[in-house]
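Structure first, then comments.
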Amino acid sequence: MKVIIDEDGEIIAKATDDYTLIGGHHRLSLAASLGKSLFWRDTGEPVKLDDFFKHYGRSLRHIA
């Protein structure tokens, strides 16, 4: 399990290694909309939000 934190070190969300969010969906969306920088707690690398939101976009296109 990986933990996503913001620039202040506050936990924003938790995810599996294959980018499946376990918790913090709303906090992640809010932080992204506010333009906050997000990082992986264990490595300090920036989080690529496309890895999380691409799954939702694909699903919505098939529904529409």
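The values are calculated or read from the model by the stated rules, or taken from the named source; none is laboratory data. These numbers were taken from a predicted model, which means no experiment stands behind them. Note: ideal-geometry Cβ built from the backbone for every residue, glycine included; neighbour counts use all protein chains shown.
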Pair list, Cβ under 6 Å, 6 or more apart: segment 15-42 residue of a type in the set (Ser, Thr, Tyr), other residue in a loop (DSSP other than H, G, I, E, B): 37/7
Starting from segment 1-13, keep only residues that are free of Cβ contacts under 8 Å to residues at least 40 places away in the same chain and closer than 17 Å to residue 49 by Cβ, then list their pairs with residues that are of a type outside the set (A, V, I, L, M, F, W, C) and part of a strand (DSSP E or B) whose Cβ atoms are within a distance under 8 Å, requiring at least 6 positions of separation or different chains. 3/14; 12/6; 13/23
Residue in segment 26-44 that is farthest from the chain's Cα centre (by Cα), counting only those that are part of a helix (DSSP H, G or I) and loosely packed, with under 12 Cβ neighbours inside 10 Å: 33
Output the number of the condition that residue 18 fails; it satisfies all remaining conditions of (1) exposed (fewer than 10 other Cβ atoms within 10 Å of the Cβ); (2) within 12 Å of the chain's Cα centre (by Cα); (3) at pLDDT 95 or above. (3)
Restricting attention to segment 25-34, which residues are modelled with pLDDT of 90 or more and closer than 17 Å to residue 50 by Cβ? 28, 31
